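The values are calculated or read from the model by the stated rules, or taken from the named source; none is laboratory data. No experiment lies behind these values; they were computed from the predicted model shown. Note that we place each Cβ from the backbone using ideal geometry, even for glycine, and neighbour counts take in every protein chain shown. For the accessible areas, the whole protein counts, side chains as well, though only heavy atoms, and no ligand, DNA or RNA atoms are used. Shrake-Rupley method; radii C 1.70, N 1.55, O 1.52, S 1.80 Å.
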Amino acid sequence: MAVTLHTGVGDLKLELFCDTAPRCSFNFLALCASGKYDGCLFHRLLPGFMVQTGDPTGTGKGGASIWGGMFPDEFHPDNAHDRRGVVSMANKGPDTNRSQFFLTFDAQPHLNDKYSVFGHLVDGLDALDALEALGAAAAADPALRDDVTAHGERFRKARALCGDDSDAAAEAEPWQGNFEAFGVKTSFRYDDDGLLWLRTAGAMDDVDLFYTVGVLREIQLFGEWIPFLRQSRVVHARDFARLLTHFTIGLRGVLSRDCVLRVAACNAALNGDALYFEGASLPPDATDWHGASVPPRETGWGLDRMHVHALLAKVSFTAKHSQYARVVVCVDLRTRLPRAILDFFMKRLVGLFLWLWRRQSRYVSAHERCPHRAAIDADPAFYRDWLRPKYEEHRRRAAFLSGRRGA
């Protein structure tokens, strides 16, 4: 049995353990059906631990079960606080369950046999990420709440556009073309504004996940693998998952384009076995991004600033040393080249990007001494503390062989 909770930062789809926690599941379903949870606040939010709701008074002191009072705990050996997204009853001690419940932000084994687990999150890790990003102190900040809400919406768009080919068949404007070269498939479509969208996909075999992600994330090292890249750098990092970048590509004096791009990473490893990256150019008149000055536009003959309407990437875990990558991009190069010629080359260049990404990832995976390895070792907060636990959880669920190379 599945239930979807609609929140201000996106939907949370929960699967209930009706067989192993029937009393808790019945109570939850009955309260949902009777509207008792409508408008409930997340009154307790502890990043890294859990977020709690289910109190109609919003104080954390109210709420009642469907039977009008409290009901006994319900423990089962198969139900444990062993991952992100576990749904469990809140209580004030043994056998004091009412209406309040919480979702975990990480495994919390010390809660086992103290709080009744009755479900887990099966879709909406982006919304759970957004809730955690708010933090308890910022929960009442409208500007931050709007930013986090938009953040979740962008990842839902990324998930839709980076879906399987079978998903595209149901879309109003399905992908066309399916051009293939170097083991990379590229398709395209035009939106209502006439903009060209490109999607490329291919396997990243014989590569450790950490190096696949590292090659894409280490912006300052793009020159190691992207031809004609004159410079690339991180202008400002809000945190390890949200960055403002600036890069310039082309030949000075012939044709050169720079770009200011905000990018973000999102984990969906526990429900979609994937990581998402999404980005887009700042508005043309933007001069500031969360306190950081936007680099000025380059001027001169042959110079202009390209506009990236969307840059979306999905890295799916398929095996211990194998991933499947999809990239979706919509870019205006701001050039006077005829549209037909520009689209012809763009349909091929975006596939080349993924091929180069795969080639560099394999190189980094095979060479212990290289700039990317050094950058990964220098950022344990992201690779060791954020990315590794998510991948290890996926490996545990997928029953991959124990052990892993590098990172």
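Name the single residue, out of those in the range 179-235 being free of Cβ contacts under 8 Å to residues at least 24 places away in the same chain and basic (Lys, Arg), that is nearest to residue 362 (Cα to Cα).
233
Would you check if residue 309 is in contact (Cβ under 8 Å) with a residue 12 or more places away in the chain, farther than 24 Å from residue 375 by Cα, in contact with a Phe, Trp or Tyr (Cβ under 9 Å, 6 or more places away or on another chain) and open to solvent by 30 Å² or more (accessible area, probe 1.4 Å)? Break it down into steps so the answer makes sense when it comes.
Numbers: in contact (Cβ under 8 Å) with a residue 12 or more places away in the chain: yes; farther than 24 Å from residue 375 by Cα: yes; in contact with a Phe, Trp or Tyr (Cβ under 9 Å, 6 or more places away or on another chain): yes; open to solvent by 30 Å² or more (accessible area, probe 1.4 Å): yes.
Considered against the rule, which asks whether it is in contact (Cβ under 8 Å) with a residue 12 or more places away in the chain, farther than 24 Å from residue 375 by Cα, in contact with a Phe, Trp or Tyr (Cβ under 9 Å, 6 or more places away or on another chain) and open to solvent by 30 Å² or more (accessible area, probe 1.4 Å), residue 309 comes out as yes.
Among the residues of the range 315-347 satisfying the criterion of being farther than 26 Å from residue 176 by Cα and in a strand (DSSP E or B), which is most open to solvent (accessible area, probe 1.4 Å)? Walk me through how you get there before you give the answer.
Residues of the range 315-347 farther than 26 Å from residue 176 by Cα: 319-322.
Imposing the further condition that a residue be in a strand (DSSP E or B) reduces the set to 319, 322.
Numbers: 319: 37, 322: 18 Å².
The extreme case among them is 319.
Among the residues of the range 195-240, which ones are within 18 Å of residue 387 (Cα to Cα), of a type in the set (Phe, Trp, Tyr) and open to solvent by less than 50 Å² (accessible area, probe 1.4 Å)?
Taking the range 195-240 and keeping what is within 18 Å of residue 387 (Cα to Cα), we get 204, 207-219, 237-240.
Okay, now just the ones that are also of a type in the set (Phe, Trp, Tyr), so 210-211, 240.
Listed by number, the residues that qualify are 210, 211.
Going through the range 6-21 one residue at a time, which ones are hydrophobic (A, V, I, L, M, F, W, C) and either buried (at least 19 other Cβ atoms within 10 Å of the Cβ) or touching a residue at least 40 places away in the same chain (Cβ under 8 Å) (or both)? Full working, then the answer.
Let us first name the residues in the range 6-21 that are hydrophobic (A, V, I, L, M, F, W, C), namely 9, 12, 14, 16-18, 21.
Correct list: 9, 12, 14, 16, 17, 21.
Sort through 298, 368 and tell me the only one that's more than 30 Å from residue 188 (Cα to Cα), open to solvent by less than 70 Å² (accessible area, probe 1.4 Å) and not in a helix (DSSP H, G or I).
298 is the lone residue from the list that is more than 30 Å from residue 188 (Cα to Cα), open to solvent by less than 70 Å² (accessible area, probe 1.4 Å) and not in a helix (DSSP H, G or I).
Determine whether the range 228-235 contains at least one residue that is of a type outside the set (D, E, K, R), within 28 Å of residue 84 (Cβ to Cβ) and at pLDDT below 90.
So the first thing to find is which residues in the range 228-235 are of a type outside the set (D, E, K, R), and the list is 228-229, 231-232, 234-235.
Next cut, within 28 Å of residue 84 (Cβ to Cβ) only: 234.
This time we only want the ones that are at pLDDT below 90, so: none.
Within the range 228-235 (the criterion being of a type outside the set (D, E, K, R), within 28 Å of residue 84 (Cβ to Cβ) and at pLDDT below 90), the answer is no, since none of the residues qualifies.
In the range 63-85, what count of residues is obtained for those that are open to solvent by less than 20 Å² (accessible area, probe 1.4 Å) and under 19 Å from residue 7 (Cβ atoms)?
Here the count works out to 1.
Somewhere in the range 348-364, is a residue open to solvent by 60 Å² or more (accessible area, probe 1.4 Å), in a helix (DSSP H, G or I) and of a type in the set (Ser, Thr, Tyr)?
Of all residues in the range 348-364, those open to solvent by 60 Å² or more (accessible area, probe 1.4 Å) come to 348-349, 352, 355, 359, 362-363.
Still in the running and in a helix (DSSP H, G or I): 348-349, 352, 355, 359, 362-363.
So of that shortlist, the ones also of a type in the set (Ser, Thr, Tyr) come out as 363.
Yes, there is a match, as at least one residue in the range 348-364 is open to solvent by 60 Å² or more (accessible area, probe 1.4 Å), in a helix (DSSP H, G or I) and of a type in the set (Ser, Thr, Tyr).
Only one of 88, 99 is open to solvent by less than 10 Å² (accessible area, probe 1.4 Å) and out of contact with any strand residue (DSSP E or B) (no Cβ under 6 Å at 6 or more places or on another chain); which? Spell out the reasoning first.
Numbers: 88 fails: out of contact with any strand residue (DSSP E or B) (no Cβ under 6 Å at 6 or more places or on another chain).
Going through 88, 99 in turn, just one is open to solvent by less than 10 Å² (accessible area, probe 1.4 Å) and out of contact with any strand residue (DSSP E or B) (no Cβ under 6 Å at 6 or more places or on another chain): 99.
For the range 1-120, list the strands (runs of 3 or more DSSP E) that sit wholly inside it and hold at least 2 residues that are at pLDDT 90 or above; which are they? Spell out the reasoning first.
On the way: elements: 2-7, 10-16, 44-46, 50-53, 86-89, 101-104.
Counting at least 2 such residues, we get 2-7, 10-16, 50-53, 86-89, 101-104.
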